[in-house]
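Heads up: the structure comes next, in structure tokens.
The values are calculated or read from the model by the stated rules, or taken from the named source; none is laboratory data. As the structure is a computational prediction, the values presented were derived from the model and not from experiment. So basically every Cβ, Gly included, is an ideal-geometry build from the backbone, and we count neighbours across all protein chains shown.
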Amino acid sequence: MERRLPMSQPYYILAINPGSTSTKIAVYENEKELFHSSLDHTSEELAKCHSQKDQFFMRKEIVLNELKKQNFALEKLSAVVGRGGQLSPLKAGGYYVNEAMKRRIIQGPIIAHASNLGALLAAAVADPLHIPAFIYDAVGSDEMLPVAKITGIAGLKRESFCHVLNTKAMARKAASEKGKTYQDMNFVIAHLGGGISVSAHKQGRIIDVITDDGGPFSPERSGSVPILYIVDMCYSGQYSKAELKKKLRGMGGLKALLGTFDCREIEKRIADGDEEAKLAYDAEAYQIAKGIGEMATTMDGKIDEIILTGGIANSKMLTGMIEEHVKFIAPVHVMPGENELESLSLGALRILRGEETAHTYEDPAPAKEDLYV
Ligand SMILES: Nc1ncnc2c1ncn2[C@@H]1O[C@H](COP(=O)(O)OP(=O)(O)O)[C@@H](O)[C@H]1O
Ligand SMILES: CCCC(=O)OP(=O)(O)O
């Protein structure tokens, strides 16, 4: 349901960012952050959730308890904004969380990812208050060029899946540091988190991206793997569908190679002379660099800056190795961490102020059997 936008300033906005291992929230009064909390979920807590529904109820309770603990009166809120999920095709920018969107997330088809819960959690807080719920710059926002979607299997198209929110926010920041706008510049941006995406931003548009199924392996995901072996694994009778998916996402990448996805722990092992850890970490940097090279070709090498962002961009060791491989392409700008909560909130604020219009989600007829849920 689209609700009338509240008129009175200041606007109080709750931002909710569900990640694979945490739910982060913040409340803003216009541009000013009043508080933020990062609510980490233990693996025991997550293991108890057998479905998206279980995760939704677990996270909703944690969010409401935290708001109580912060002594924040929910009635003050003007809107709630959540991280947007894998609802393709979506445009970049804001969307109202409406019934069609909720139904699609609950009933599918949809690629399972924690970000899908952003819309449901935002609506769960907003609906009883009769205020609007939005998502903003969802991970499934699709600005890819048609040519980037073609695959060698007729009828099978690549879909956009990217850290849209953070990469666009970092690109805007990097451009403004140069006295330019996002639309003036070309960036290749590698978001290095639990998941890794490498995206090509051409004058304000993400024209191409590689991630889980076509990009570098990540701390917990396999990335691109030799596909014929995967077909054999699928039919070997050794693995269930769920087990194989875990190998691709959750238990792949550095976790599979070294038993941990904590890069700080891996760097300690390397410092202690662990050769296996060194080779895996070198491979991580090598694959990320190859991804950056691939994305650089989409803009004919005309790149103003390469941005490294996300949690692992805190690592001087990994960013240093990547820089050595790619500095011939363009200057490397390391922007560690992410500012997703602020980006969500500022997006919602622009909508509330009428500076931007939120899109209305319409569910396209499900085109194919979902392969991921
Ligand atoms: N100082 C650091 N040095 C190296 N790696 C780090 C550092 N801080 C965080 N990381 C790594 O960053 C990853 C998590 O990044 P983050 O962007 O928080 O992920 P997500 O939001 O996708 O869950 C983990 O693999 C973690 O080990
Ligand atoms: C590639 C976009 C979504 C994603 O993987 O996010 P996380 O790294 O937060 O899981």
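Things to note:
- Residues of the stretch 90-143 that are buried (at least 23 other Cβ atoms within 10 Å of the Cβ) and polar (S, T, N, Q): 115, 116, 141.
- Elements of type helices (runs of 4 or more DSSP H) contained in the stretch 94-181, each with 2 or more residues being in contact (Cβ under 8 Å) with a residue 60 or more places away in the chain: 99-107, 117-129, 164-177
- Residue list for the stretch 308-366, restricted to those being over 30 Å from residue 261 (Cα atoms), without any contact (Cβ under 8 Å) to a residue 40 or more places away in the chain and among the hydrophobic types (A, V, I, L, M, F, W, C): 365
- Restricting the stretch 192-210 to residues that are in a loop (DSSP other than H, G, I, E, B) and at pLDDT 95 or above leaves a set whose member that is farthest from ligand 1 (Cβ to nearest atom) is 203.
- Any hit, the stretch 67-85, residues being part of a loop (DSSP other than H, G, I, E, B) and under 26 Å from residue 221 (Cβ atoms): yes
- Residues that are in contact with a helix residue (DSSP H, G or I) (Cβ under 7 Å, 6 or more places away or on another chain) and either more than 20 Å from residue 113 (Cβ to Cβ) or assigned to a strand (DSSP E or B) (or both), drawn from the stretch 211-237: 221, 233, 234
- Set side by side, the residues 66, 29, 75 differ, and just one is in the same structural domain as residue 117 (by TED's automatic domain parsing) and within 26 Å of residue 193 (Cα to Cα), which is 66.
- Residues within the stretch 31-59 that are part of a helix (DSSP H, G or I) and out of contact with any helix residue (DSSP H, G or I) (no Cβ under 9 Å at 6 or more places or on another chain), tallied: 5
- Whichever residue in the stretch 143-166 is of a type in the set (S, T, N, Q) and more than 16 Å from ligand 1 (Cβ to nearest atom) and, among such residues, is modelled with the lowest pLDDT: 160
- Output for the stretch 295-310, where each listed residue is in a helix (DSSP H, G or I) and buried (at least 17 other Cβ atoms within 10 Å of the Cβ): 295, 296
- Among the residues of the stretch 316-339, the ones that are more than 16 Å from ligand 2 (Cβ to nearest atom), within 18 Å of residue 167 (Cα to Cα) and part of a loop (DSSP other than H, G, I, E, B) come to 2 in all.
- Of the criteria (1) within 26 Å of residue 169 (Cα to Cα); (2) outside the structural domain of residue 17 (by TED's automatic domain parsing); (3) of a type outside the set (Asp, Glu), which one residue 88 fails: (2)
- Taken as a whole, the structure places residue 169 among residues that are within 15 Å of ligand 1 (Cβ to nearest atom), farther than 23 Å from residue 284 by Cβ and surrounded by 22 or more Cβ atoms within 10 Å (Cβ to Cβ).
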